[in-house]
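K.L.:
Once you've had a glance at the structure underneath, I'll fire off some questions.
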Amino acid sequence: MLNQSKPISVFNFKPGTCLRGKWHQRTYYIKEKLGTGAVGAVYLAKQDNDQWVALKISDKAASITSEINVLKKLAKVQGESPGPSLYEIDDWIDRRGECYPFYTMEYVQGESLDKFLNKRGRQWLGVLFPQLLEELEQLHRVGFILGDLKIENVIVTHRPIRLRFIDVGGVTLIGRSVKEYTEFYDRGYWHCGNRTADPAYDLFALAMMALRCAYPNQFRRTKEPKKYLITKLKQASILKPYDPIFHKALLGQYQNSQEMQQDFKKRTRHLTRKSAVPQDKQEIDWLEIVICISISVVLFFLATFY
Ligand SMILES: Nc1ncnc2c1ncn2[C@@H]1O[C@H](COP(=O)(O)OP(=O)(O)O)[C@@H](O)[C@H]1O
Ligand SMILES: [Mg+2]
């Protein structure tokens with residue numbers, strides 16, 4: 001299904017609104033809206049036990065149920081489970097008696113990837129992308145792909161600095177047709193492959209996320225979509241250091257996340273070594289300056305006293 005990303009407008013809870021769950025009778029105080037997408041509205045809320053949660057509510061019961069099932073599966077992944085943790089599932093009844101399903105999950109506090117990179121610099125790509133690739137690897141290992149990977153569905157947390165995915169609406173079983181996708185990030189749209197879920201589908205979307213950071217206004221395909229995409233990558237100066245990696249991901253040349261992660265690590269090591277050279281050079285320059293000044297001072301004293 002194509003995610004047109006037209007935010008739904010059914011819910012417009014004002015800050016301070018109090019929501020009570022029908023089944024668990026828990027109260028949630030709405031602090032602010034965190035965002036809306038094609039499926040639902042997400043609010044930052046305080047539970048009656050003072051815990052902050054992200055509350056996702058929708059009029060699309062089937063989508064919410066499917067997301068809940070995915071989050072439950074992810075919770076069973078060993079180690080640090082990928083995606084936000086699921087807390088509670090309930091329904092909310094409005095004044096007219098209409099029932100809306102909602103769930104609460106871990107509040108992932110942070111900022112959008114493009115804002116973060118603009119502030120902190122593109123070199124962070126080499127740190128953040130391998131982190132997300134690790135989360136993707138965990139997901140792929142249990143037989144799923146993320147599907148709708150895009151800038152709106154990831155957050156950079158601050159302590160620790162980490163790139164995490166938050167929206168599991170597109171999670172699809174490997175081998176099935178991708179459940180939800182967004183044109184710009186979809187390899188089918190760019191004639192770079194089909195829409196059958198495999199790990200390379202997510203890796204393509206990851207490369208598109210980098211291109212989206214380089215071109216904030218995005219761009220549309222032309223008559224030769226694949227060729228055009230590669231040209232756009234070449235022209236994106238901020239992606240230069242990682243160009244060969246994104247190139248491979250766009251062409252579907254990585255079989256799994258680990259391969260791409262390894263390439264990132266190798267590249268980052270190489271870049272760190274390279275950037276160490278000018279630093280050494282700077283130290284030598286300073287040494288030269290200090291020696292020159294010392295010689296001048298000695299010569300000055302010699303000339304003055306003799
Ligand atoms: N767990 C969360 N923590 C913090 N912000 C979130 C969380 N989940 C969603 N958001 C915010 O809400 C927006 C919409 O949520 P999302 O789950 O992507 O909705 P949709 O499925 O409708 O696209 C996201 O882009 C993000 O800004
Ligand atoms: Mg979303």
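The values are calculated or read from the model by the stated rules, or taken from the named source; none is laboratory data. Worth saying up front: this structure is predicted, and the values here are computed from it rather than measured. Don't worry about glycine lacking a Cβ; one is built from the backbone with ideal geometry, like all the others, and counts go over all protein chains shown. SASA here: full protein model, heavy atoms, side chains in, ligands and nucleic acids out. Shrake-Rupley method; radii C 1.70, N 1.55, O 1.52, S 1.80 Å.
K.L.:
Could you check segment 215-228 and list, in sequence order, the residues that are touching a Lys or Arg at 6+ places or on another chain (Cβ under 8 Å) and part of a helix (DSSP H, G or I)?
P.N.:
Within segment 215-228, 228 is the sole residue that qualifies.
Yes/no matrix, rows are residues, columns are (1) touching a residue at least 40 places away in the same chain (Cβ under 8 Å); (2) outside the structural domain of residue 204 (by TED's automatic domain parsing); (3) open to solvent by less than 30 Å² (accessible area, probe 1.4 Å):
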| position | (1), (2), (3) |
| --- | --- |
| 236 | no, no, yes |
| 239 | yes, no, yes |
| 243 | no, no, yes |
| 246 | no, no, yes |
| 249 | yes, no, yes |
| 258 | yes, no, no |
| 271 | yes, yes, no |
| 274 | no, yes, no |
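K.L.:
For residue 97, are the conditions met, namely being within 15 Å of residue 42 (Cβ to Cβ) and small (Gly, Ala, Ser)?
P.N.:
When the stated conditions are applied, residue 97 does not pass them.
K.L.:
Go through the residues of segment 14-26 one by one and say whether even a single one is without any contact (Cβ under 8 Å) to a residue 12 or more places away in the chain, under 18 Å from residue 169 (Cα atoms) and surrounded by fewer than 15 Cβ atoms within 10 Å (Cβ to Cβ).
P.N.:
no
K.L.:
Right, something else. Tally the residues that are within 16 Å of ligand 2 (Cβ to nearest atom) and more than 24 Å from residue 271 (Cβ to Cβ), restricting the search to segment 112-138.
P.N.:
1
K.L.:
Can you name the condition, by its number, that residue 43 falls short on among (1) hydroxyl-bearing (Ser, Thr, Tyr); (2) over 21 Å from residue 164 (Cα atoms); (3) within 11 Å of ligand 1 (Cβ to nearest atom)?
P.N.:
Answer for residue 43: the failing condition is (2).
K.L.:
Quick check: is even one residue across segment 44-55 surrounded by fewer than 16 Cβ atoms within 10 Å (Cβ to Cβ), among the acidic types (Asp, Glu), away from ligand 2 (no atom under 14 Å from the Cβ) and not in a strand (DSSP E or B)?
P.N.:
Within segment 44-55 (the criterion being surrounded by fewer than 16 Cβ atoms within 10 Å (Cβ to Cβ), among the acidic types (Asp, Glu), away from ligand 2 (no atom under 14 Å from the Cβ) and not in a strand (DSSP E or B)), the answer is yes, since at least one residue qualifies.
K.L.:
Let me ask you something else. Test residue 176 against the stated conditions and say whether it is touching a Phe, Trp or Tyr at 6+ places or on another chain (Cβ under 8 Å) and assigned by TED's automatic domain parsing to the domain that holds residue 136.
P.N.:
no
K.L.:
In this structure, is residue 65 in contact with a Pro (Cβ under 8 Å, 6 or more places away or on another chain) and within 15 Å of ligand 2 (Cβ to nearest atom)?
P.N.:
no
K.L.:
Go over the candidates 72, 33 one by one and state the one that is under 20 Å from residue 165 (Cα atoms) and in a strand (DSSP E or B). Can you show your working first?
P.N.:
Numbers: 72 fails: in a strand (DSSP E or B).
33 is the lone residue from the list that is under 20 Å from residue 165 (Cα atoms) and in a strand (DSSP E or B).
K.L.:
Limited to segment 27-40, what total is found for residues that are more than 7 Å from ligand 1 (Cβ to nearest atom) and not aromatic (Phe, Trp, Tyr)?
P.N.:
Total meeting the criteria: 5.
K.L.:
If you don't mind, another one. Give me the pairs, please: first residue somewhere in segment 116-145 and over 29 Å from residue 172 (Cα atoms), second residue anywhere and surrounded by 15 or more Cβ atoms within 10 Å (Cβ to Cβ) and among the polar types (S, T, N, Q), beta-carbon distance under 9 Å, and either six or more positions apart or on two chains.
P.N.:
123/268
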